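Everything on this sheet refers to the single structure shown next.
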Amino acid sequence: MSTALLTDLVIFVLSLWVGFEVISKVPATLHTPLMSAANSIHGIVLVGAMLIAATTNSWIGYVIAFLAAVFASANVVGGYVVTGRMLKMFRRRPTPAATPAQPAAARDGQSS
Amino acid sequence: MSGFSFASQLIYVLAASCFVLGLHLMNNPASARRGNQFSTAGMAIAIATTLALIAHAGVITATGWTVMLVGALIGGGVGLYAARTVQMTAMPQLVSMFNAVGGGAAALVAIHDYIRVASAVVGPAESMTITTLLDVIIGSVTFSGSIIAAGKLQGVITSAPVTFPGARVVNLVLAAFGLAAAGYVLSTPSLAGLWIVVVASLVFGVLMVMPIGGADMPVVISLLNAFTGTAVAMAGFVIGNWALIIAGALVGASGGILTKLMADAMNRSIGNIIVGGFGTGDTAAAVVVAGGADVKAISADDAAIQLAYAGKVIIVPGYGLAAAQAQHEVAELADVLESHGVDVSYAIHPVAGRMPGHMNVLLAEANVPYPQLKEMDDVNPEFARTDVALVIGANDVTNPAARRPGTAISGMPILDVDQAKSIIVIKRSMGHGYAGIDNELYTNPKTSMYFADAKTALSELTSAVKTLVG
């Protein structure tokens with residue numbers, strides 16, 4: 001087993017533990033945005049796609065690099081935008097008891 | 001290692017730290033948006049570093065640049081459009097598609113690396129080929145499996161479990177065949193062998209998800225999410241990039257935790273869900289009129305009286321609410337009750353919806369403030385102090401039969417709705433839930449059934465309450 005592989009393995013295992021620690025504290029309310037945030041994070045595979053494009057010079061390499069770039073960038077951009085869109089919807093009561101007569105109208109005002 | 005690539009690895013670790021911090025900030029809805037911004041910044045740093053590395057190395061061809069940039073523009077455009085236009089009810093499909101493309105991209109990275117190394121004079125180093133193969137297998141299974149899952153969620157493919165005689169044998173043979181091919185590729189570099197592994201994995205992904213029914217989707221999506229993370233981490237091993245390894249491991253951990261939580265919430269093992277064939281999905285009201293004698297029906301006006309004069313109301317929403325697109329109606333009813341001084345909260349079962357936390361997002365979209373959304377363990381003790389529990393489109397998760405052994409849902413954690421002083425259930429008919437058994441809650445003397453479509457029922461209730469208190 002090479003040193004490089006060993007280092008990679010250590011990083012992988014420790015990151016798994018960090019992930020378990022951090023993510024087990026996320027409340028159930030946020031589980032959908034969490035999964036969508038995780039989605040955008042695995043879009044980091046775009047880095048891999050870019051490196052293929054940078055090193056290849058065969059047609060099959062270009063085809064693979066192109067597909068990988070399309071997939072990964074859809075993943076990155078879409079993931080972050082949709083997570084942001086969801087998180088924007090989570091809010092506390094806007095102004096407690098400020099407009100008790102029209103609570104619905106007050107909330108609609110915030111939603112745009 | 002040159003100074004430049006040394007520095008770039010350090011920056012990748014910085015980017016990965018942003019991901020960890022971003023996930024950490026998601027432990028509270030108030031800080032979660034900042035978390036997403038940190039995570040986005042990390043991604044921007046990683047991509048900028050990669051661009052700098054590529055430009056510095058200078059081996060990229062003009063075609064390489066074109067392929068990369070055009071691909072990124074097309075993909076980014078599609079992703080942006082999908083993210084901007086998706087309905088919140090369709091979120092599980094979108095997440096599933098992102099799992100698919102993430103897994104697919106990870107598999108492509110490994111396939112390319114294998115081709116590159118195998119075409120060199122010296123064969124690939126064995127340790128490297130193992131991670132390459134793992135990447136190809138997991139990535140391909142995720143790709144096809146997630147597309148099938150998205151198709152089922154969208155209704156393009158039937159959401160009922162699809163299974164055929166001998167399916168398990170076919171799966172086993174296929175897995176054995178794929179692994180044999182993988183073993184061969186390990187010992188002898190062979191491109192043909194690699195393609196066989198890819199095809200076998202793709203077919204396996206399809207066969208894995210087809211037999212899984214609609215209500216089990218929260219588990220499947222979480223599991224495929226964990227797979228994607230693992231595939232990306234393997235891609236990191238293949239190209240020797242720490243950012244990919246760390247990010248992939250984080251996603252793998254996240255998907256793993258959610259898979260476990262969802263399976264626990266249904267009291268079923270992951271293996272049991274994957275084997276599938278549980279119930280027949282959303283039983284389209286196989287109208288069991290029997291038992292009609294024991295149930296008490298209620299009119300909108302009577303239900304409105306109960307709600308308007310209650311001190312504390314807990315709303316129990318299920319997937320039926322989302323299917324009827326009645327989130328806004330329920331939020332309106334809650335608003336009217338609250339302005340009349342009723343304490344209103346929502347009891348959310350972990351598997352209400354088609355993905356973890358789905359119901360919370362749907363209610364948040366309808367402007368329900370998140371402090372009102374209560375998790376199962378927090379809300380269960382409150383039912384005994386509740387005047388009216390209003391159940392809308394939830395079935396199995398409220399069935400007290402889960403508390404005793406010998407039923408299809410025995411042991412499944414449920415919401416203690418039957419502890420409330422009175423219960424109103426809005427439902428179209430006496431049809432069964434996913435588990436296909438009678439719900440004993442409906443025949444409870446404290447329960448009144450309001451037979452109507454969720455959306456109509458809620459608007460009727462709201463106007464009835466308004467007339468009462470207005």
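Derivation of every value follows stated rules applied to the coordinates shown; laboratory data play no part. Keep in mind the model is a prediction, meaning the values are calculated, not measured. Here the Cβ positions follow ideal geometry from the backbone for every residue, glycine too, while neighbour counts run over all protein chains shown.
Of B:VAL336, B:ALA192, B:ALA435, whose Cα points farthest to the positive end of the dipole of the protein assembly as shown (charges on the beta-carbon: +1 Lys, Arg; -1 Asp, Glu; origin at the Cα centre)?
It is B:ALA192, whose Cα lies furthest towards the positive end.
What percentages, rounded to whole numbers, describe P(r) for the stretch A:29-88 computed over all alpha carbon pairs with 5 Å bin width beginning at zero?
Calculated P(r), rounded to whole percents: 4, 21, 23, 17, 12, 10, 7, 4, 2, 0.
Give me a single rounded figure for B:228-235: the average over its residues of other chain Cβ atoms within 10 Å of their Cβ.
Counting other chains' Cβ atoms within 10 Å and averaging over B:228-235 gives 5.
Per the helix-only calculation at 222 nm, which mean residue ellipticity applies to the protein assembly as shown, given -39500 (n - 2.57) for every DSSP H run of n ≥ 4 and division by its residues, nearest 500 deg cm²/dmol?
-21000 deg cm²/dmol
Taking R0 as 41 Å, what FRET efficiency do you get between A:SER2 and B:ALA48 from their Cβ-Cβ distance, rounded to the nearest 0.05?
It comes out at approximately 0.90.
With only alpha-carbon atoms counted, please give the Rg and Dmax of the stretch B:1-150, in Å.
18.1, 56
When each pair of different Cα atoms in the protein assembly as shown is counted once in the 1/r mean, what is the Kirkwood radius in angstroms, to one decimal?
That comes to 25.0 Å for the protein assembly as shown.
At B:ILE157 and B:ASP453, where each label point lies 7 Å from the Cα along Cα→Cβ, what is the point-to-point distance in nanometres?
Computed distance between label sites B:ILE157 and B:ASP453 equals 3.0 nm.
When you count, for each residue, the other Cβ atoms within 10 Å and take the mean per peptide, how do B:47-55, A:83-91, B:232-240 rank with the highest first?
B:232-240, A:83-91, B:47-55
Project the alpha carbons of the stretch B:357-467 onto their principal axes and report the range along each, largest first, in whole Å.
Dimensions of the stretch B:357-467 along the principal axes of its Cα atoms: 44, 29, 27 Å.
Which of the peptides A:65-72, B:247-254 is most tightly packed, and how do the rest follow, judged by the mean count of other Cβ atoms within 10 Å per residue?
B:247-254, A:65-72
Once you put a point 7 Å from the Cα of B:ASP302 and another 7 Å from the Cα of B:ALA408, both along the Cβ direction, what distance in nm separates them?
So the label points at B:ASP302 and B:ALA408 sit 3.0 nm apart.
Can you divide the C-alpha Rg of the stretch B:121-228 by 2.2 N^0.38 Å and report the result to two decimal places?
1.18
Picking from B:ALA303, B:VAL117, B:TYR346, whose Cα lies most toward the positive end of the charge dipole for the protein assembly as shown (charges on Cβ: Lys, Arg +1; Asp, Glu -1)?
B:VAL117
Evaluate peptide B:30-42: per residue, the Cβ atoms of other protein chains within 10 Å of its Cβ; return the mean as an integer.
5
Percentage of Cα-Cα pair distances in chain B greater than 33 Å, rounded to whole percent?
45 percent
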